[in-house]
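Below: the structure, in structure tokens.
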Protein chains: 2
Amino acid sequence: VLKEGERIDDLQLKNLKIIQNPKGFCFGVDAVLLANFAEVKNNAKVLDMGTGTGIIPLILYGKTKAKIIHAMEIQKEVAEMCLRSFNMNNTEDRIKLVTDSILNWQSYYKKHEMDVVLCNPPYKAINSGILNNNDYKTISRHENSATLEDFISTASNLLNSKGKFFMIHRPHRLAEIFEYCTKYRLAVKKLVFVHGKPTTKPNMVLVKAIKEGKGEVLVDAPLYVHNEDGTYTQKIHEIYGEMWTGGF
Amino acid sequence: VLKEGERIDDLQLKNLKIIQNPKGFCFGVDAVLLANFAEVKNNAKVLDMGTGTGIIPLILYGKTKAKIIHAMEIQKEVAEMCLRSFNMNNTEDRIKLVTDSILNWQSYYKKHEMDVVLCNPPYKAINSGILNNNDYKTISRHENSATLEDFISTASNLLNSKGKFFMIHRPHRLAEIFEYCTKYRLAVKKLVFVHGKPTTKPNMVLVKAIKEGKGEVLVDAPLYVHNEDGTYTQKIHEIYGEMWTGGF
């Protein structure tokens with residue numbers, strides 16, 4: 001089941017396992033935080049846009065009673081590795097993978113059919129920063145194949161009224177996040193800033209928005225990854241259990 | 001110089017003093033944080049919209065080399081007390097008070113003449129919450145006389161290109177803050193969330209926006225008022241010096 005350079009990690013969650021390639025593509029803390037931030041009701045229809053290794057569908061498979069968890073991934077090699085992870089776990093009853101761009105959603109899903117849409121999109125705007133030579137990382141980190149607006153508009157197209165959108169992104173793009181959510185009728189309802197330590201600026205923000213929602217934004221208590229002494233916080237231990245595999 | 005119920009407090013800043021009425025109108029920590037958050041260059045033309053006791057102009061008078069600090073206050077009784085504070089400090093060379101609504105700005109100022117506009121506006125939307133019987137507090141806390149959109153549009157009308165807008169508000173109104181700033185061409189450039197303690201959700205947010213600006217939003221390190229043990233943080237001691245007079 002493994003190709004060269006790959007390894008299998010135990011998610012410490014109902015015996016679920018995941019294939020990763022330390023030199024290619026591994027999941028990050030952001031995906032784990034997002035999967036734990038999402039609210040998924042029993043029998044929900046869920047889509048994870050840009051699923052990468054498949055970490056988010058696997059966590060939701062283990063933790064929720066979602067009826068179906070769809071996943072899209074544009075990068076063929078990562079999607080193929082992800083599919084092997086899904087098959088290894090026998091998740092085909094509730095996880096369905098499509099290897100295509102989110103821009104082609106209409107080929108696979110009906111408008112407004114989802115109860116929950118998640119994404120951990122590329123953080124860097126097109127043409128910003130240095131493009132990584134590794135194609136995996138370039139597409140995962142840059143908006144070359146789909147922009148922030150594409151992710152948000154696609155989520156809006158797929159969500160039913162009062163359906164929920166969960167995303168993790170960089171705080172420096174908050175103005176765009178609000179702009180596009182407003183444009184596509186997703187009301188931002190909750191933000192959680194994620195800080196390396198309590199005294200540092202946040203480097204990620206968790207966003208919950210509701211399709212055709214209204215009312216106030218709750219900026220909730222921050223999530224600190226490390227204590228001031230560098231140890232992981234209790235909250236991170238709770239989220240990760242024994243599953244921690246990477247840096248931050 | 002004092003009316004019944006009033007007292008004089010020393011700002012511990014270049015011998016500046018301020019009149020407050022503990023049963024009527026006192027300045028809050030929010031105004032002090034905003035005055036310290038603002039960036040005011042030498043010779044800047046500044047406006048504080050809804051100045052209340054005049055705390056913000058007095059701090060800026062003591063701490064900056066602004067050329068002129070304009071202040072507007074709609075409530076006659078508070079404005080009269082504020083004027084007595086200004087006169088007591090002999091600040092008439094650099095502080096000018098107007099007793100009127102910010103909606104009448106065109107009667108006093110030229111379009112785009114300000115380098116910096118500040119406001120610590122009422123936090124509560126019209127008709128939300130219970131109106132306080134005390135008129136002072138009703139106008140100071142509710143948007144009866146001017147809405148959040150009015151404050152932001154007025155700031156935009158008064159700021160020159162690249163002029164700076166500084167505001168403190170409640171985090172739950174962030175979506176509107178972004179919406180109106182975008183609508184009136186004020187690019188949100190920095191947010192600082194203010195928390196009672198590191199583990200609580202923020203109850204205030206400091207906002208910096210630039211007229212006709214562009215680019216990323218910096219969500220800076222949070223400002224904590226208290227340590228977990230309830231003592232004031234070092235940062236608050238630095239901002240306040242000996243001037244702390246109220247609760248939080």
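The values are calculated or read from the model by the stated rules, or taken from the named source; none is laboratory data. This structure is a prediction, so every number in the text was calculated from the model and none was measured. Please note: Cβ atoms are built from the backbone with ideal geometry, for glycine as well, and neighbour counts cover all protein chains shown. Side chains are part of the model used for accessible areas, which takes the heavy atoms of the whole protein and leaves out ligands, DNA and RNA. Shrake-Rupley method; radii C 1.70, N 1.55, O 1.52, S 1.80 Å.
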So A:PHE193 clears everything in (1) farther than 24 Å from A:CYS26 by Cα; (2) of a type in the set (Phe, Trp, Tyr); (3) in contact (Cβ under 8 Å) with a residue 12 or more places away in the chain except one condition, right? Which one? (1)
Criterion (modelled with pLDDT under 95 and surrounded by 16 or more Cβ atoms within 10 Å (Cβ to Cβ)) met by exactly one of A:ILE239, A:ILE210: A:ILE239
Which residues, taken from the range B:178-188, are within 9 Å of another protein chain (Cβ to nearest Cβ) and open to solvent by less than 50 Å² (accessible area, probe 1.4 Å)? B:PHE178, B:CYS181, B:ALA187, B:VAL188
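Can you spot a residue in the range B:145-168 that is among the polar types (S, T, N, Q) and part of a loop (DSSP other than H, G, I, E, B)? Break it down into steps so the answer makes sense when it comes.
Here is the first cut: in the range B:145-168, the ones among the polar types (S, T, N, Q) are B:145, B:147, B:153-154, B:156-157, B:160-161.
From the residues that got through so far, the ones that are part of a loop (DSSP other than H, G, I, E, B) too are B:145, B:147.
Scanning the range B:145-168 turns up at least one residue that is among the polar types (S, T, N, Q) and part of a loop (DSSP other than H, G, I, E, B).
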One residue from B:GLY213, B:GLY230 being more than 11 Å from chain A (Cβ to nearest Cβ), in contact with a Lys or Arg (Cβ under 9 Å, 6 or more places away or on another chain) and not in a strand (DSSP E or B): B:GLY230
Subset of the range B:104-117 (residues that are open to solvent by less than 60 Å² (accessible area, probe 1.4 Å) and not in a helix (DSSP H, G or I)): B:TYR109, B:GLU113, B:MET114, B:ASP115, B:VAL116, B:VAL117
When you go through (1) more than 8 Å from chain B (Cβ to nearest Cβ); (2) closer than 15 Å to B:LEU191 by Cβ one by one for A:GLU238, which number turns out not to apply? (2)
Any residue in the range B:137-146 that is under 22 Å from B:ALA35 (Cβ atoms) and modelled with pLDDT of 95 or more? no
Out of curiosity, is A:PHE193 assigned to a strand (DSSP E or B), touching a Pro at 6+ places or on another chain (Cβ under 6 Å), of a type outside the set (Asp, Glu) and on the phi < 0 side of the Ramachandran plot? yes
Across the range A:86-103, which residue is surrounded by the fewest Cβ atoms within 10 Å (Cβ to Cβ) among those that are more than 13 Å from A:GLU73 (Cβ to Cβ), out of contact with any strand residue (DSSP E or B) (no Cβ under 7 Å at 6 or more places or on another chain) and polar (S, T, N, Q)? A:ASN90
Go through A:THR147, A:THR231, A:THR200, A:THR154 for me and flag whichever is open to solvent by 60 Å² or more (accessible area, probe 1.4 Å) and polar (S, T, N, Q). A:THR231
Please specify each residue of the range A:137-177 satisfying the condition of being at the interface with chain B (Cβ under 10 Å from one of its Cβ atoms) and more than 15 Å from the chain's Cα centre (by Cα). A:PRO171, A:HIS172, A:ARG173, A:LEU174, A:ALA175, A:GLU176, A:ILE177
Among the numbered criteria (1) under 28 Å from B:GLY196 (Cβ atoms); (2) open to solvent by 50 Å² or more (accessible area, probe 1.4 Å); (3) within 11 Å of another protein chain (Cβ to nearest Cβ), which one does A:TYR224 miss? (2)
